[in-house]
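Colleague: Below: one structure in structure tokens.
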Amino acid sequence: MNSISSRSGTQALTALFIAGGIILASRFSFSFSAEETRLYIALMVTYTWISILLLYARMRYDLYVFEPISFVTAIYIAVFIVKPLIDLRAGHMTEHGVDVSGGGLKATLILLAGYTCLYVGYYLTYDASGRKRLENLPPVEETSEYEPTALYLLWGFCFAMCLLCMFSQGLSLSYIFSLGKSGEVTVAESNTALLFLSNFVVTMISSWMLILFKTDNPAGKVLVSVLQVIYLIMRNSRWLILIVILAPAAFIYTGRRRRPRGIYLVLLGMAGLIIFAWMQANRVVLSSGGAIQGWGAEGFTLAKLAAPFESDLNTYRAFYSMVNRFPERYPYLLGTSYLYMFVLFIPRVLWRGKPDNPIRTIIEHSLNSRARVSGTAVSNIGEIYANFGIFGCAVMMFLIGRILAWLKHFYEGSREDALIIYAVMYPLLFQWTARSNFSGNFYMTVFAMLPFIFRKYLLQGRPGQMRRYRKNGYRYKGNAGPSEREGAESA
């Protein structure tokens with residue numbers, strides 16, 4: 001049965017890559033200049049090489065949609081292959097008035113080499129015996145009971161901190177909960193004294209995950225979910241909505257040791273795209289203190305549906321420009337943006353003269369000062385290159401592959417707590433990959449892990465006092481003895 005499933009999965013993946021290649025190949029135009037043609041060829045070669053690597057991984061090791069390398073690879077393909085090909089055909093290879101096409105070939109070759117190093121790092125010590133196939137993983141066992149009151153208090157505290165941050169930006173309580181239709185608002189985005197409180201949003205989402213899957217009060221789950229969604233909508237952060245969508249899906253499917261059907265992935269992707277497009281349509285309105293207006297005066301259009309691709313997948317442009325300016329015009333930062341993690345955690349309310357994040361310097365040197373103040377982002381390989389150059393990209397991407405391989409172990413084991421940690425970490429990989437800011441992402445991850453770091457204060461009774469075993473989505477209760485476990489596994 002496993003061999004049949006494996007063959008069908010490989011065939012489906014092969015068909016997907018071939019179809020994708022045909023669609024991407026159609027972006028070629030005979031009007032391309034020699035430089036644009038070289039970039040087009042490099043992009044198609046990179047796509048083909050990544051496809052071959054993943055097909056090999058599927059045949060030799062197994063490949064699961066909710067494992068780290070699958071998600072990270074999808075991000076790299078979208079940001080560094082699909083979007084550049086779209087923009088190349090449309091003639092939109094500019095960012096804040098800077099033509100970035102000149103660095104495309106060099107940047108693409110660096111990505112190709114860097115991804116290969118990541119791939120090697122990920123599979124370097126991989127067990128190819130078949131024991132790590134999804135279907136052969138042990139059933140998930142619940143070894144701890146969380147105290148519902150403690151979880152709700154933790155979530156409530158984080159929610160209050162997030163609201164306090166919004167209050168400091170000039171938003172009133174009635175404005176937030178009416179979705180901008182009433183209440184007072186004084187847009188004060190320059191007030192960053194309490195901005196550090198916004199870090200508690202990922203702690204809130206982690207707490208929500210524990211409430212969702214470790215408590216039994218449906219009304220409480222619905223209440224915190226609604227309040228949380230309202231806050232996320234008013235904050236207009238699509239990457240946070242991505243966590244709310246992907247984290248439960250990753251937990252459910254990995255916990256049941258099942259692979260989602262292709263149609264479910266398509267529906268999930270379409271639902272997410274529509275939500276992100278709707279949020280994008282209201283972004284300017286909310287930033288100016290207005291009320292949410294649906295799809296706006298023009299209504300729903302395909303252009304609005306595609307808007308998130310432009311805002312979230314354009315970080316390749318800074319990388320294209322960067323490779324032509326570092327180190328010719330600007331020296332490498334030699335780890336400055338990574339060392340900023342020791343500065344970032346200090347609130348500006350305590351340090352008025354706190355220096356700016358070096359990632360902004362990278363943006364300005366790669367593009368211009370207008371890009372610096374507009375919030376333009378850079379990818380993880382871009383931040384690595386600006387700090388350490390081409391050799392640094394090879395080494396750091398290999399290390400990223402090793403870290404992703406380590407992260408994969410969280411869902412391969414049998415502990416449910418580890419699975420929840422993985423489910424939260426999985427969607428965070430988007431920020432770590434597409435919109436890199438090492439110091440900011442470091443603390444984002446730390447805050448996301450706070451409920452698990454202080455786990456002992458959230459537990460009910462003694463850890464391991466009661467165990468529940470999950471298999472195919474069902475729970476088995478027992479005293480954690482061998483007979484109970486055997487019964488659970490044979491059920």
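Colleague: Sort out which residues of segment 297-321 are part of a helix (DSSP H, G or I), of a type outside the set (Asp, Glu) and out of contact with any Ser or Thr (no Cβ under 9 Å at 6 or more places or on another chain), and write them in order of number. Spell out the reasoning first.
Modeller: Initial filter on segment 297-321 (part of a helix (DSSP H, G or I)): 302-312, 316-321.
Going one step further and asking which of them are of a type outside the set (Asp, Glu), we end up with 302-309, 311, 316-321.
Hits for segment 297-321 are 302, 303, 304, 305, 306, 307, 308, 309, 311.
Colleague: Same structure, new question: Considering each of 407, 344, 367, 429 in turn, give the residue that is in contact with a strand residue (DSSP E or B) (Cβ under 6 Å, 6 or more places away or on another chain) and either under 21 Å from residue 137 (Cβ atoms) or at pLDDT below 95 (or both). Walk me through how you get there before you give the answer.
Modeller: Numbers: 407 fails: in contact with a strand residue (DSSP E or B) (Cβ under 6 Å, 6 or more places away or on another chain); 344 fails: in contact with a strand residue (DSSP E or B) (Cβ under 6 Å, 6 or more places away or on another chain); 429 fails: in contact with a strand residue (DSSP E or B) (Cβ under 6 Å, 6 or more places away or on another chain).
Of the residues listed, the single one that is in contact with a strand residue (DSSP E or B) (Cβ under 6 Å, 6 or more places away or on another chain) and either under 21 Å from residue 137 (Cβ atoms) or at pLDDT below 95 (or both) is 367.
Colleague: I'd like the full set of residues that are hydroxyl-bearing (Ser, Thr, Tyr) and crowded, with 16+ Cβ neighbours inside 10 Å, limited to segment 337-396. First the steps, then the outcome.
Modeller: Taking segment 337-396 first, the residues hydroxyl-bearing (Ser, Thr, Tyr) are 337-338, 340, 361, 366, 369, 374, 376, 379, 385.
Correct list: 337, 338, 340, 361, 366, 376, 379, 385.
Colleague: If residue 293 meets every condition in (1) without any contact (Cβ under 8 Å) to a residue 60 or more places away in the chain; (2) out of contact with any helix residue (DSSP H, G or I) (no Cβ under 9 Å at 6 or more places or on another chain) apart from one, which number is that one?
Modeller: (2)
Colleague: Take the residues of segment 22-75 that are acidic (Asp, Glu) and over 23 Å from residue 8 (Cβ atoms): which is surrounded by the most Cβ atoms within 10 Å (Cβ to Cβ)? Spell out the reasoning first.
Modeller: Pass one, segment 22-75, residues acidic (Asp, Glu): 35-36, 62, 67.
Those still in the list that are over 23 Å from residue 8 (Cβ atoms) too: 35-36.
Values: 35: 12, 36: 19.
For segment 22-75, the residue satisfying everything is 36.
Colleague: While we're on this one: Can you confirm whether segment 351-361 contains a residue that is among the aromatic types (Phe, Trp, Tyr), without any contact (Cβ under 8 Å) to a residue 12 or more places away in the chain and in a loop (DSSP other than H, G, I, E, B)?
Modeller: yes
Colleague: Follow-up. Can you give me the number of residues within segment 96-153 that are in a helix (DSSP H, G or I) and farther than 30 Å from residue 81 by Cα?
Modeller: 8
Colleague: When the residues of segment 88-104 are filtered to those that are more than 18 Å from residue 29 (Cα to Cα) and in contact with a Lys or Arg (Cβ under 9 Å, 6 or more places away or on another chain), which remaining residue is surrounded by the fewest Cβ atoms within 10 Å (Cβ to Cβ)?
Modeller: Per the criteria, the residue is 97.
Colleague: If we keep just the residues of segment 243-279 that are modelled with pLDDT of 90 or more and within 28 Å of residue 178 (Cβ to Cβ), which is surrounded by the most Cβ atoms within 10 Å (Cβ to Cβ)?
Modeller: 243
Colleague: Consider segment 134-164. How many of its residues are under 25 Å from the mean Cα position of the chain (by Cα) and either closer than 30 Å to residue 379 by Cα or crowded, with 18+ Cβ neighbours inside 10 Å (or both)?
Modeller: Residues meeting the conditions: 10.
The values are calculated or read from the model by the stated rules, or taken from the named source; none is laboratory data. This is a predicted model, so every value here is computed, not measured. Glycine also receives a Cβ, built like all others from the backbone with ideal geometry; neighbour counts cover every protein chain displayed.
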